[in-house]
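These notes are about the structure you will find just below.
The values are calculated or read from the model by the stated rules, or taken from the named source; none is laboratory data. No experiment lies behind these values; they were computed from the predicted model shown. For neighbour counting, all protein chains shown are included, and Cβ atoms are generated from backbone atoms with ideal geometry for every residue, glycine included. Calculation scope for accessible area: heavy atoms of the full protein, side chains included, ligands and nucleic acids excluded. Shrake-Rupley method; radii C 1.70, N 1.55, O 1.52, S 1.80 Å.
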Amino acid sequence: MGQETMVDVGFQLTGDWLQCSSKRRLEIVSPQGEVIGRVPAMTREEVDRALSKSRRVQKEWAKVPLYERGQILLTWADELIKRSDEIADMIMKEVGKKKSSAKDEVTRTADLIRYTVEEGKRIHGEMMKGDSFQGGSAGKVAIIEREALGLVLAISPFNYPVNLSAAKLAPALISGNAVVLKPATQGSISALLMADALMTAGLPKGVLHVVTGRGSEIGDWLVAHPAIDMISFTGGTKTGQDIARKAGMIPTVLELGGKDPAIVLEDADVEKAAGQIVSGAFSYSGQRCTAIKRVLVMEEVADQLVEQIQKKVEGLRVGLPEDDADVTPLIDSASADFVHSLILDALEKGAVSRTEYRKEGNLISPTVLDHVTEEMRVSWEEPFGPVLPIIRVTSEQEAVETANQSEYGLQASVFTKNMDKAFSIASQLDVGTVQLNGKTERGPDHFPFLGVKKSGAGVQGVRKSIESMTREKVTVLNL
Ligand code: NAP
Ligand code: G3H
(Lines give C-alpha, C1' and ligand atoms only; values in the text may rest on other atoms or scores of the structure.)
(Ligands and ions follow the chains in the order given, each with its own letter.)
Protein backbone atom coordinates (compact mmCIF):
# COMPACT_ATOMS: atom_id res chain seq x y z
CA MET A 1 0.00 0.00 0.00
CA GLY A 2 2.00 3.00 -1.20
CA GLN A 3 1.70 6.61 -0.17
CA GLU A 4 -0.41 7.45 -3.23
CA THR A 5 -3.08 4.93 -2.22
CA MET A 6 -3.54 6.64 1.13
CA VAL A 7 -6.48 8.62 -0.03
CA ASP A 8 -8.32 5.53 -1.20
CA VAL A 9 -7.08 2.34 0.36
CA GLY A 10 -8.35 -1.09 -0.46
CA PHE A 11 -9.28 -3.81 1.96
CA GLN A 12 -7.17 -6.74 2.91
CA LEU A 13 -8.54 -9.93 1.43
CA THR A 14 -6.49 -13.10 1.22
CA GLY A 15 -3.31 -11.09 1.20
CA ASP A 16 -4.12 -8.75 -1.68
CA TRP A 17 -5.15 -5.15 -1.59
CA LEU A 18 -8.47 -5.09 -3.34
CA GLN A 19 -11.00 -2.45 -4.08
CA CYS A 20 -14.59 -2.91 -3.03
CA SER A 21 -16.84 -4.14 -5.78
CA SER A 22 -19.54 -1.82 -4.52
CA LYS A 23 -17.23 1.22 -4.78
CA ARG A 24 -18.77 2.45 -1.58
CA ARG A 25 -16.33 4.48 0.47
CA LEU A 26 -16.21 6.01 3.92
CA GLU A 27 -14.48 9.32 4.29
CA ILE A 28 -12.07 9.49 7.18
CA VAL A 29 -12.36 12.93 8.71
CA SER A 30 -9.72 14.15 11.16
CA PRO A 31 -10.70 15.64 14.54
CA GLN A 32 -10.00 19.05 12.96
CA GLY A 33 -12.60 18.33 10.28
CA GLU A 34 -10.19 17.62 7.39
CA VAL A 35 -10.89 14.71 5.04
CA ILE A 36 -7.68 12.69 5.15
CA GLY A 37 -8.62 9.53 3.33
CA ARG A 38 -11.23 7.04 2.23
CA VAL A 39 -11.65 3.39 3.08
CA PRO A 40 -14.04 0.82 1.62
CA ALA A 41 -17.43 0.49 3.23
CA MET A 42 -17.55 -3.26 2.83
CA THR A 43 -20.81 -5.00 2.17
CA ARG A 44 -22.04 -8.13 3.92
CA GLU A 45 -21.32 -10.16 0.79
CA GLU A 46 -17.72 -8.98 0.81
CA VAL A 47 -17.42 -9.88 4.48
CA ASP A 48 -18.72 -13.36 3.64
CA ARG A 49 -16.13 -13.70 0.89
CA ALA A 50 -13.39 -12.59 3.24
CA LEU A 51 -14.35 -15.17 5.83
CA SER A 52 -15.22 -18.12 3.61
CA LYS A 53 -11.63 -19.35 3.24
CA SER A 54 -10.58 -18.56 6.79
CA ARG A 55 -11.21 -21.95 8.30
CA ARG A 56 -9.03 -23.85 5.81
CA VAL A 57 -6.29 -21.23 5.96
CA GLN A 58 -6.37 -21.28 9.77
CA LYS A 59 -5.79 -25.03 9.88
CA GLU A 60 -2.69 -24.59 7.71
CA TRP A 61 -1.45 -21.67 9.81
CA ALA A 62 -1.83 -23.65 13.04
CA LYS A 63 0.46 -26.34 11.52
CA VAL A 64 3.25 -23.83 10.82
CA PRO A 65 5.87 -24.49 13.54
CA LEU A 66 5.67 -22.07 16.44
CA TYR A 67 9.22 -20.92 15.78
CA GLU A 68 8.29 -19.88 12.23
CA ARG A 69 5.10 -18.14 13.33
CA GLY A 70 7.23 -16.28 15.87
CA GLN A 71 9.78 -15.26 13.25
CA ILE A 72 7.05 -13.69 11.11
CA LEU A 73 5.74 -11.73 14.09
CA LEU A 74 9.24 -10.58 15.02
CA THR A 75 9.77 -9.35 11.46
CA TRP A 76 6.42 -7.54 11.77
CA ALA A 77 7.70 -5.76 14.90
CA ASP A 78 10.87 -4.74 13.02
CA GLU A 79 8.81 -3.56 10.07
CA LEU A 80 6.62 -1.42 12.34
CA ILE A 81 9.71 0.25 13.79
CA LYS A 82 11.08 0.83 10.27
CA ARG A 83 7.82 2.49 9.28
CA SER A 84 7.11 4.11 12.62
CA ASP A 85 7.30 7.68 11.30
CA GLU A 86 4.82 7.02 8.52
CA ILE A 87 2.43 5.11 10.78
CA ALA A 88 2.70 7.62 13.64
CA ASP A 89 2.01 10.40 11.20
CA MET A 90 -1.21 8.71 10.15
CA ILE A 91 -2.27 8.05 13.77
CA MET A 92 -1.66 11.73 14.47
CA LYS A 93 -3.78 12.89 11.53
CA GLU A 94 -6.52 10.31 11.83
CA VAL A 95 -7.25 10.33 15.56
CA GLY A 96 -5.55 13.58 16.63
CA LYS A 97 -2.91 12.09 18.94
CA LYS A 98 0.21 14.19 19.36
CA LYS A 99 3.11 12.94 17.25
CA SER A 100 5.35 11.88 20.14
CA SER A 101 2.55 9.79 21.69
CA ALA A 102 1.66 8.35 18.29
CA LYS A 103 5.29 7.29 17.86
CA ASP A 104 5.25 5.79 21.38
CA GLU A 105 2.16 3.83 20.38
CA VAL A 106 4.05 2.21 17.49
CA THR A 107 7.14 1.46 19.61
CA ARG A 108 4.98 0.04 22.40
CA THR A 109 3.27 -2.16 19.84
CA ALA A 110 6.57 -3.57 18.55
CA ASP A 111 7.60 -4.34 22.15
CA LEU A 112 4.26 -6.00 22.83
CA ILE A 113 4.60 -8.19 19.72
CA ARG A 114 8.12 -9.28 20.72
CA TYR A 115 7.01 -10.15 24.25
CA THR A 116 4.02 -12.04 22.85
CA VAL A 117 6.33 -14.21 20.75
CA GLU A 118 8.40 -15.06 23.84
CA GLU A 119 5.29 -15.77 25.91
CA GLY A 120 3.76 -17.86 23.12
CA LYS A 121 6.76 -20.15 23.29
CA ARG A 122 6.17 -20.70 26.99
CA ILE A 123 2.58 -21.88 26.67
CA HIS A 124 2.78 -25.59 27.34
CA GLY A 125 0.22 -28.23 28.08
CA GLU A 126 0.39 -30.69 30.94
CA MET A 127 -0.01 -34.37 31.68
CA MET A 128 -2.24 -35.95 34.36
CA LYS A 129 -2.28 -39.46 35.67
CA GLY A 130 -5.61 -41.08 36.40
CA ASP A 131 -4.73 -42.82 39.66
CA SER A 132 -6.20 -40.21 42.05
CA PHE A 133 -9.60 -41.89 42.22
CA GLN A 134 -10.73 -45.32 43.35
CA GLY A 135 -11.71 -47.68 40.62
CA GLY A 136 -10.27 -48.50 37.28
CA SER A 137 -8.66 -45.21 36.18
CA ALA A 138 -5.10 -45.96 37.24
CA GLY A 139 -4.08 -46.84 33.69
CA LYS A 140 -5.31 -43.57 32.20
CA VAL A 141 -2.98 -40.72 31.27
CA ALA A 142 -4.37 -37.40 30.01
CA ILE A 143 -2.23 -35.38 27.61
CA ILE A 144 -3.51 -31.81 27.80
CA GLU A 145 -2.50 -29.48 25.00
CA ARG A 146 -3.57 -25.93 24.17
CA GLU A 147 -4.93 -25.36 20.71
CA ALA A 148 -6.12 -22.33 18.79
CA LEU A 149 -9.83 -21.49 18.90
CA GLY A 150 -9.97 -20.91 15.13
CA LEU A 151 -11.03 -17.56 13.68
CA VAL A 152 -10.79 -14.61 16.06
CA LEU A 153 -12.83 -11.47 15.39
CA ALA A 154 -10.84 -8.50 16.71
CA ILE A 155 -12.77 -5.23 17.05
CA SER A 156 -10.68 -2.25 18.14
CA PRO A 157 -11.49 1.33 19.22
CA PHE A 158 -10.29 4.62 17.74
CA ASN A 159 -7.98 5.73 20.53
CA TYR A 160 -5.17 3.20 20.00
CA PRO A 161 -5.80 2.19 16.39
CA VAL A 162 -2.48 0.35 16.07
CA ASN A 163 -1.75 -0.82 19.60
CA LEU A 164 -5.18 -2.10 20.54
CA SER A 165 -5.48 -3.89 17.18
CA ALA A 166 -2.05 -5.52 17.47
CA ALA A 167 -2.72 -6.44 21.12
CA LYS A 168 -5.39 -8.77 19.72
CA LEU A 169 -3.61 -9.87 16.53
CA ALA A 170 -0.29 -10.90 18.08
CA PRO A 171 -1.64 -13.35 20.72
CA ALA A 172 -4.17 -14.73 18.25
CA LEU A 173 -1.57 -15.36 15.56
CA ILE A 174 1.20 -16.74 17.74
CA SER A 175 -1.20 -19.37 19.01
CA GLY A 176 -2.31 -20.42 15.53
CA ASN A 177 -5.58 -18.54 15.04
CA ALA A 178 -6.64 -16.69 11.91
CA VAL A 179 -7.97 -13.18 12.47
CA VAL A 180 -10.52 -10.85 11.01
CA LEU A 181 -9.85 -7.31 12.20
CA LYS A 182 -12.59 -4.71 12.20
CA PRO A 183 -10.84 -1.49 13.21
CA ALA A 184 -12.70 1.62 14.35
CA THR A 185 -13.67 3.58 11.25
CA GLN A 186 -11.70 6.57 12.47
CA GLY A 187 -8.36 4.83 12.88
CA SER A 188 -8.81 2.35 10.07
CA ILE A 189 -6.10 3.78 7.79
CA SER A 190 -3.58 3.47 10.63
CA ALA A 191 -4.76 -0.09 11.27
CA LEU A 192 -4.43 -0.92 7.58
CA LEU A 193 -0.85 0.38 7.58
CA MET A 194 -0.12 -1.85 10.57
CA ALA A 195 -1.66 -4.81 8.71
CA ASP A 196 0.38 -3.97 5.64
CA ALA A 197 3.55 -4.24 7.76
CA LEU A 198 2.42 -7.71 8.82
CA MET A 199 1.84 -8.80 5.23
CA THR A 200 5.30 -7.46 4.31
CA ALA A 201 6.68 -9.55 7.17
CA GLY A 202 5.44 -12.65 5.38
CA LEU A 203 2.12 -13.58 6.98
CA PRO A 204 0.56 -16.19 4.66
CA LYS A 205 -2.34 -14.94 2.59
CA GLY A 206 -5.74 -15.20 4.18
CA VAL A 207 -4.57 -15.58 7.78
CA LEU A 208 -5.58 -11.97 8.38
CA HIS A 209 -8.49 -10.06 6.90
CA VAL A 210 -9.08 -6.42 7.67
CA VAL A 211 -12.66 -5.40 7.06
CA THR A 212 -13.60 -1.77 7.06
CA GLY A 213 -17.03 -0.22 7.25
CA ARG A 214 -19.23 1.27 9.92
CA GLY A 215 -19.68 -0.95 12.94
CA SER A 216 -23.36 -0.09 12.86
CA GLU A 217 -23.62 -1.55 9.30
CA ILE A 218 -21.38 -4.62 9.22
CA GLY A 219 -20.78 -5.06 12.95
CA ASP A 220 -23.81 -7.21 13.66
CA TRP A 221 -23.14 -9.32 10.58
CA LEU A 222 -19.59 -10.00 11.73
CA VAL A 223 -20.44 -10.67 15.35
CA ALA A 224 -23.09 -13.24 14.53
CA HIS A 225 -21.18 -14.77 11.61
CA PRO A 226 -20.98 -18.57 11.82
CA ALA A 227 -17.28 -18.54 10.81
CA ILE A 228 -16.27 -16.65 13.98
CA ASP A 229 -14.93 -18.69 16.94
CA MET A 230 -14.00 -15.94 19.39
CA ILE A 231 -14.52 -12.18 19.76
CA SER A 232 -12.00 -9.84 21.32
CA PHE A 233 -13.60 -6.41 21.63
CA THR A 234 -12.36 -3.11 23.01
CA GLY A 235 -14.66 -0.13 22.93
CA GLY A 236 -17.66 1.49 24.56
CA THR A 237 -19.84 -0.31 27.10
CA LYS A 238 -23.01 -0.06 25.08
CA THR A 239 -21.39 -1.56 21.98
CA GLY A 240 -19.81 -4.29 24.12
CA GLN A 241 -23.14 -5.18 25.71
CA ASP A 242 -24.80 -5.44 22.28
CA ILE A 243 -22.00 -7.69 21.05
CA ALA A 244 -22.23 -9.93 24.13
CA ARG A 245 -25.97 -10.38 23.52
CA LYS A 246 -25.49 -11.27 19.86
CA ALA A 247 -22.43 -13.49 20.32
CA GLY A 248 -24.39 -16.24 22.04
CA MET A 249 -22.07 -19.10 22.98
CA ILE A 250 -19.00 -17.66 21.21
CA PRO A 251 -16.31 -16.85 23.81
CA THR A 252 -15.80 -13.10 24.20
CA VAL A 253 -13.31 -10.81 25.89
CA LEU A 254 -14.72 -7.33 26.38
CA GLU A 255 -12.67 -4.33 27.48
CA LEU A 256 -15.08 -1.44 27.93
CA GLY A 257 -15.52 2.00 29.44
CA GLY A 258 -14.40 3.31 32.81
CA LYS A 259 -14.85 6.01 35.43
CA ASP A 260 -11.54 5.54 37.23
CA PRO A 261 -11.31 7.38 40.57
CA ALA A 262 -8.14 8.73 42.18
CA ILE A 263 -8.59 8.60 45.94
CA VAL A 264 -6.32 11.04 47.77
CA LEU A 265 -5.94 10.61 51.55
CA GLU A 266 -4.86 13.31 53.99
CA ASP A 267 -1.31 11.93 54.33
CA ALA A 268 -0.63 11.69 50.59
CA ASP A 269 2.34 13.30 48.87
CA VAL A 270 0.06 15.93 47.37
CA GLU A 271 2.47 17.23 44.77
CA LYS A 272 3.18 13.75 43.45
CA ALA A 273 -0.52 12.89 43.48
CA ALA A 274 -1.35 16.08 41.54
CA GLY A 275 1.29 15.27 38.90
CA GLN A 276 -0.02 11.74 38.43
CA ILE A 277 -3.64 12.89 38.38
CA VAL A 278 -3.06 15.58 35.75
CA SER A 279 -1.10 13.24 33.51
CA GLY A 280 -3.67 10.46 34.07
CA ALA A 281 -6.65 12.71 33.39
CA PHE A 282 -5.49 14.82 30.47
CA SER A 283 -3.05 12.86 28.32
CA TYR A 284 -4.54 12.37 24.84
CA SER A 285 -7.23 14.79 26.01
CA GLY A 286 -8.72 12.22 28.38
CA GLN A 287 -9.62 9.85 25.54
CA ARG A 288 -8.37 6.76 27.34
CA CYS A 289 -10.45 4.11 29.04
CA THR A 290 -7.98 4.29 31.94
CA ALA A 291 -7.97 8.08 32.22
CA ILE A 292 -8.54 9.36 35.76
CA LYS A 293 -12.15 10.47 35.47
CA ARG A 294 -12.84 11.71 39.02
CA VAL A 295 -10.87 12.66 42.12
CA LEU A 296 -12.16 11.72 45.58
CA VAL A 297 -10.08 13.82 47.97
CA MET A 298 -10.17 14.13 51.75
CA GLU A 299 -11.42 17.59 52.73
CA GLU A 300 -8.25 18.31 54.81
CA VAL A 301 -5.98 18.32 51.74
CA ALA A 302 -8.51 19.25 49.05
CA ASP A 303 -7.51 22.93 48.70
CA GLN A 304 -3.84 22.03 48.55
CA LEU A 305 -4.45 19.33 45.94
CA VAL A 306 -6.68 21.56 43.81
CA GLU A 307 -4.05 24.31 43.85
CA GLN A 308 -1.35 21.87 42.69
CA ILE A 309 -3.60 20.39 40.01
CA GLN A 310 -4.50 23.86 38.77
CA LYS A 311 -0.82 24.82 38.52
CA LYS A 312 0.03 21.69 36.56
CA VAL A 313 -2.95 22.05 34.23
CA GLU A 314 -1.79 25.58 33.39
CA GLY A 315 1.43 23.97 32.14
CA LEU A 316 -0.38 21.71 29.65
CA ARG A 317 -0.09 22.57 25.97
CA VAL A 318 -3.45 22.99 24.30
CA GLY A 319 -3.61 22.98 20.49
CA LEU A 320 -3.00 20.75 17.54
CA PRO A 321 -1.43 17.29 17.47
CA GLU A 322 1.08 18.57 14.89
CA ASP A 323 2.37 21.00 17.55
CA ASP A 324 2.76 18.11 20.00
CA ALA A 325 0.06 19.62 22.23
CA ASP A 326 -1.13 17.55 25.21
CA VAL A 327 -4.77 18.48 24.79
CA THR A 328 -5.95 18.35 21.18
CA PRO A 329 -9.35 18.37 19.41
CA LEU A 330 -11.60 15.45 20.40
CA ILE A 331 -12.27 12.69 17.92
CA ASP A 332 -15.50 14.20 16.52
CA SER A 333 -18.09 16.88 17.15
CA ALA A 334 -20.53 14.49 18.85
CA SER A 335 -17.88 13.68 21.47
CA ALA A 336 -16.97 17.34 21.95
CA ASP A 337 -20.65 18.32 22.31
CA PHE A 338 -21.16 15.53 24.84
CA VAL A 339 -18.23 16.68 27.00
CA HIS A 340 -19.49 20.29 26.69
CA SER A 341 -22.91 19.21 27.96
CA LEU A 342 -21.37 17.47 30.99
CA ILE A 343 -19.39 20.61 31.88
CA LEU A 344 -22.39 22.93 31.48
CA ASP A 345 -24.57 20.62 33.57
CA ALA A 346 -22.00 20.65 36.39
CA LEU A 347 -21.54 24.44 36.25
CA GLU A 348 -25.31 25.00 36.29
CA LYS A 349 -25.58 22.78 39.37
CA GLY A 350 -22.90 24.69 41.30
CA ALA A 351 -19.53 23.18 40.39
CA VAL A 352 -16.65 25.68 40.52
CA SER A 353 -14.35 25.72 37.50
CA ARG A 354 -10.69 26.08 38.51
CA THR A 355 -9.62 26.65 34.91
CA GLU A 356 -10.88 28.93 32.19
CA TYR A 357 -13.36 26.88 30.15
CA ARG A 358 -13.10 27.26 26.36
CA LYS A 359 -14.48 25.26 23.44
CA GLU A 360 -13.44 25.94 19.86
CA GLY A 361 -14.80 23.33 17.46
CA ASN A 362 -13.76 19.98 18.88
CA LEU A 363 -10.99 21.49 21.01
CA ILE A 364 -11.96 21.67 24.68
CA SER A 365 -9.56 23.27 27.13
CA PRO A 366 -8.52 21.10 30.10
CA THR A 367 -11.22 21.70 32.66
CA VAL A 368 -10.96 21.12 36.41
CA LEU A 369 -14.32 21.20 38.18
CA ASP A 370 -14.21 21.57 41.97
CA HIS A 371 -17.01 20.94 44.50
CA VAL A 372 -18.65 18.40 42.22
CA THR A 373 -21.62 16.64 43.82
CA GLU A 374 -23.48 13.44 43.06
CA GLU A 375 -26.39 15.29 41.39
CA MET A 376 -24.04 16.27 38.56
CA ARG A 377 -23.82 13.97 35.54
CA VAL A 378 -20.04 14.35 35.42
CA SER A 379 -19.82 12.42 38.71
CA TRP A 380 -21.02 9.26 36.99
CA GLU A 381 -20.83 9.50 33.20
CA GLU A 382 -17.66 8.73 31.24
CA PRO A 383 -16.70 11.93 29.40
CA PHE A 384 -13.82 10.59 27.24
CA GLY A 385 -12.57 14.17 27.17
CA PRO A 386 -10.44 16.67 29.13
CA VAL A 387 -12.59 17.25 32.19
CA LEU A 388 -11.67 16.34 35.75
CA PRO A 389 -14.35 16.44 38.47
CA ILE A 390 -13.14 16.85 42.05
CA ILE A 391 -15.39 15.44 44.73
CA ARG A 392 -14.51 16.28 48.32
CA VAL A 393 -15.07 13.52 50.89
CA THR A 394 -14.83 13.41 54.67
CA SER A 395 -13.86 9.79 55.30
CA GLU A 396 -12.16 6.83 53.65
CA GLN A 397 -15.43 4.96 53.84
CA GLU A 398 -17.19 7.71 51.91
CA ALA A 399 -14.42 7.60 49.28
CA VAL A 400 -14.78 3.83 48.88
CA GLU A 401 -18.59 3.97 48.77
CA THR A 402 -18.59 6.77 46.18
CA ALA A 403 -15.97 4.94 44.10
CA ASN A 404 -18.03 1.73 44.17
CA GLN A 405 -21.33 3.46 43.36
CA SER A 406 -20.16 3.78 39.76
CA GLU A 407 -21.52 1.33 37.22
CA TYR A 408 -17.93 0.99 35.96
CA GLY A 409 -15.03 -0.88 37.56
CA LEU A 410 -11.91 -0.63 35.43
CA GLN A 411 -9.11 0.77 37.63
CA ALA A 412 -8.64 3.08 40.64
CA SER A 413 -5.71 4.92 42.24
CA VAL A 414 -5.08 5.40 45.94
CA PHE A 415 -2.60 8.04 47.09
CA THR A 416 -1.34 7.68 50.68
CA LYS A 417 1.91 7.05 52.54
CA ASN A 418 0.17 4.53 54.80
CA MET A 419 0.52 1.15 53.06
CA ASP A 420 -1.81 -0.63 55.48
CA LYS A 421 -4.58 1.81 54.57
CA ALA A 422 -3.66 1.58 50.89
CA PHE A 423 -4.06 -2.21 50.85
CA SER A 424 -7.20 -2.07 52.95
CA ILE A 425 -8.84 0.42 50.56
CA ALA A 426 -7.60 -1.53 47.52
CA SER A 427 -9.28 -4.67 48.83
CA GLN A 428 -12.62 -2.83 49.09
CA LEU A 429 -12.66 -1.31 45.60
CA ASP A 430 -14.75 -3.09 42.95
CA VAL A 431 -12.32 -2.67 40.06
CA GLY A 432 -9.97 -4.81 37.99
CA THR A 433 -6.75 -3.05 39.09
CA VAL A 434 -5.80 -0.67 41.91
CA GLN A 435 -2.73 1.51 41.48
CA LEU A 436 -1.05 2.55 44.73
CA ASN A 437 0.53 6.01 44.48
CA GLY A 438 0.39 6.03 40.70
CA LYS A 439 -2.03 6.95 37.93
CA THR A 440 -4.39 4.44 36.39
CA GLU A 441 -3.00 2.87 33.22
CA ARG A 442 -3.04 -0.38 31.26
CA GLY A 443 0.66 -0.99 30.84
CA PRO A 444 3.06 -2.61 31.09
CA ASP A 445 1.35 -4.80 28.58
CA HIS A 446 2.13 -8.14 30.18
CA PHE A 447 0.14 -7.24 33.30
CA PRO A 448 -3.38 -8.68 33.35
CA PHE A 449 -5.82 -5.97 32.26
CA LEU A 450 -9.50 -6.28 33.06
CA GLY A 451 -12.61 -4.45 34.11
CA VAL A 452 -15.45 -5.55 36.37
CA LYS A 453 -19.12 -4.49 36.31
CA LYS A 454 -19.78 -2.53 33.08
CA SER A 455 -16.05 -2.16 32.38
CA GLY A 456 -15.67 -5.58 30.88
CA ALA A 457 -15.58 -9.33 30.95
CA GLY A 458 -12.53 -11.52 30.51
CA VAL A 459 -8.90 -10.48 30.77
CA GLN A 460 -6.30 -9.06 28.37
CA GLY A 461 -2.54 -8.73 28.90
CA VAL A 462 -0.15 -10.82 26.82
CA ARG A 463 -0.38 -14.19 28.58
CA LYS A 464 -4.06 -13.79 29.45
CA SER A 465 -4.86 -12.88 25.85
CA ILE A 466 -3.10 -15.99 24.57
CA GLU A 467 -5.04 -18.09 27.10
CA SER A 468 -8.32 -16.50 26.04
CA MET A 469 -7.63 -17.37 22.39
CA THR A 470 -6.72 -21.00 23.00
CA ARG A 471 -8.50 -23.89 24.66
CA GLU A 472 -7.44 -27.13 26.25
CA LYS A 473 -7.56 -30.28 24.18
CA VAL A 474 -7.37 -33.55 26.08
CA THR A 475 -6.18 -36.84 24.62
CA VAL A 476 -6.44 -39.79 27.00
CA LEU A 477 -4.04 -42.66 26.76
CA ASN A 478 -5.49 -45.88 28.19
CA LEU A 479 -2.58 -48.07 29.25
P1 NAP B 1 -17.15 2.23 20.13
O2 NAP B 1 -17.95 3.28 19.51
O3 NAP B 1 -17.82 1.25 21.02
O4 NAP B 1 -16.40 1.49 18.91
C5 NAP B 1 -15.50 0.43 19.14
C6 NAP B 1 -15.45 -0.47 17.93
O7 NAP B 1 -16.71 -1.14 17.79
C8 NAP B 1 -15.23 0.26 16.61
O9 NAP B 1 -14.44 -0.54 15.77
C10 NAP B 1 -16.64 0.37 16.05
O11 NAP B 1 -16.69 0.55 14.65
C12 NAP B 1 -17.18 -0.98 16.46
N13 NAP B 1 -18.63 -1.11 16.44
C14 NAP B 1 -19.57 -0.14 16.55
N15 NAP B 1 -20.80 -0.69 16.51
C16 NAP B 1 -20.65 -2.02 16.38
C17 NAP B 1 -21.55 -3.13 16.26
N18 NAP B 1 -22.86 -2.98 16.29
N19 NAP B 1 -21.02 -4.36 16.14
C20 NAP B 1 -19.69 -4.56 16.10
N21 NAP B 1 -18.80 -3.54 16.18
C22 NAP B 1 -19.27 -2.29 16.33
O23 NAP B 1 -15.94 2.84 20.99
P24 NAP B 1 -14.91 4.00 20.58
O25 NAP B 1 -15.65 5.28 20.46
O26 NAP B 1 -14.07 3.55 19.43
O27 NAP B 1 -13.98 4.03 21.87
C28 NAP B 1 -14.33 4.73 23.02
C29 NAP B 1 -14.87 3.81 24.09
O30 NAP B 1 -14.06 2.65 24.18
C31 NAP B 1 -14.84 4.43 25.47
O32 NAP B 1 -16.01 4.08 26.16
C33 NAP B 1 -13.64 3.78 26.12
O34 NAP B 1 -13.67 3.77 27.52
C35 NAP B 1 -13.67 2.43 25.53
N36 NAP B 1 -12.33 1.82 25.54
C37 NAP B 1 -12.09 0.83 26.46
C38 NAP B 1 -10.83 0.27 26.53
C39 NAP B 1 -10.52 -0.83 27.52
O40 NAP B 1 -9.52 -1.52 27.31
N41 NAP B 1 -11.29 -1.01 28.56
C42 NAP B 1 -9.84 0.69 25.66
C43 NAP B 1 -10.12 1.70 24.73
C44 NAP B 1 -11.39 2.26 24.69
P45 NAP B 1 -17.01 2.00 14.01
O46 NAP B 1 -15.86 2.88 14.37
O47 NAP B 1 -17.07 1.70 12.56
O48 NAP B 1 -18.29 2.46 14.59
O1 G3H C 1 -8.17 3.39 26.28
C2 G3H C 1 -7.90 2.34 26.81
C3 G3H C 1 -6.55 1.80 26.80
O4 G3H C 1 -6.56 0.42 27.10
C5 G3H C 1 -5.71 2.57 27.78
O6 G3H C 1 -4.37 2.26 27.65
O7 G3H C 1 -3.67 3.12 29.89
O8 G3H C 1 -2.00 2.60 28.13
O9 G3H C 1 -3.49 4.57 27.89
P10 G3H C 1 -3.34 3.19 28.43
In nm, give the distance between the simple-model label positions of residue 267 and residue 63, each being 7 Å from the Cα along the Cα-to-Cβ direction.
6.4 nm
Highest mean packing first, using Cβ neighbours within 10 angstrom, the peptides 72-78, 177-183 sort as 177-183, 72-78
For segment 78-122, build the convex hull from the C-alpha positions and give me its volume per residue in Å³.
59 Å³
Leaving out ligands and nucleic acids, note down the accessible area per residue over the chain with a 1.4 angstrom probe, in whole Å².
40 Å²
How far is helix 299-314 tilted, in degrees, relative to the longest principal axis of the Cα atoms in the chain, given as a value from 0 to 90 rounded to the nearest 10?
70 degrees
What does the net charge come to around residue 202 if you take all other residues with beta carbon closer than 13 Å to its beta carbon, with K and R at +1 and D and E at -1?
-2
With everything on Cα atoms, drop me the angle between helix 163-174 and the longest principal axis of the chain, reported from 0 to 90° to the nearest 10.
30 degrees
Tell me the GluC sites (Glu not before Pro) within segment 312-365 that lie in a loop according to DSSP and have at most 15 other beta-carbon atoms within 10 Å.
356
Subtracting the Cα-Cα distance of residue 242 and residue 419 from 0.36 nm times their residue separation yields 59.7 nm
Which percent of Cα pairs goes in each bin when the distances of the chain are cut into 10 angstrom slices starting at zero?
4, 20, 28, 24, 15, 7, 2, 0
Using 0.36 nm per residue, how much length does the chain from residue 477 to residue 24 gain when fully extended, once their Cα-Cα distance is taken away?
157.6 nm
Place a +1 charge on the Cβ of each Lys and Arg in segment 401-479 and a -1 charge on the Cβ of each Asp and Glu, then give the dipole magnitude about the Cα centre in debye, rounded to the nearest 20.
160 debye
Working only with C-alpha atoms, what are the Rg and Dmax values of segment 369-439, expressed in angstrom?
12.3, 34
Which residues qualify? For residue 181, with a placed amide H closer than 5 Å and at least 5 residues away or on another chain, they are 154, 209, 210, 211
Which value in deg cm²/dmol, rounded to the nearest 500, describes the helix-derived mean residue ellipticity at 222 nm for the chain, given -39,500 (n - 2.57) per DSSP H run of n ≥ 4 and division by the residue count?
-12000 deg cm²/dmol
Of the options 149, 101, 88, report the single residue whose Cα projects farthest towards the positive end of the charge dipole of segment 73-152 (beta-carbon charges: Lys, Arg +1; Asp, Glu -1).
101
Go through 355, 378, 204 and say which Cα lies farthest out towards the positive end of the charge dipole of the chain; charges sit on Cβ, +1 for Lys and Arg, -1 for Asp and Glu.
204
Among all stretches of the chain without exposed trypsin sites (Lys or Arg not before Pro) (DSSP loop, at most 10 other Cβ atoms within 10 Å), which one is longest?
123-479
Please give me the summed charge of the neighbours of residue 463: other residues whose Cβ is under 13 Å from its Cβ, Lys and Arg +1, Asp and Glu -1.
0
Kindly state, to the nearest 0.05, the FRET efficiency for residue 82 paired with residue 118, given R0 = 25 Å and r defined as their beta-carbon distance.
0.75
Interchain or sequence-distant (5+) residues whose placed amide H lies within less than 5 Å of the amide H of residue 435 are 412, 413, 414
How large a share of the accessible area of the chain, in percent, is made up of carbon and sulfur atoms when the probe is 1.4 Å and the other protein chains stay in place?
51 percent
Listed residue (262, 394, 61) projecting farthest to the positive dipole end of the chain, Cβ model
61
Those lysines that a straight Cα-Cα span of less than 29 Å connects to residue 311, excepting residues fewer than 8 apart in one chain:
97, 98, 99, 103, 259, 272, 293, 349, 359, 417, 421, 439
Filter the chymotrypsin sites (Phe, Trp or Tyr not before Pro) in segment 109-197 down to the DSSP loop ones having no more than 16 other Cβ atoms within 10 Å, then list what survives.
133
Only loop residues by DSSP count here, and only those with at most 15 other Cβ atoms within 10 Å; note down the GluC sites (Glu not before Pro) in segment 404-467 that meet that.
407
Cα-centre dipole for the chain with unit charges at Cβ (Lys and Arg positive, Asp and Glu negative), debye to 20
1840 debye
If I fit a long axis through the Cα atoms of helix 333-348 and take the longest principal axis of the Cα atoms of the chain, what angle between them do I get, 0 to 90°, rounded to 10?
30 degrees
Rounded to the nearest Å, what's the spacing between the alpha carbon centres of segment 95-152 and segment 409-446? Just the number, please.
26 Å
Just subtract the alpha-carbon distance of residue 34 and residue 49 from 0.36 nm times their residue separation and send over the number in nm, one decimal.
2.1 nm
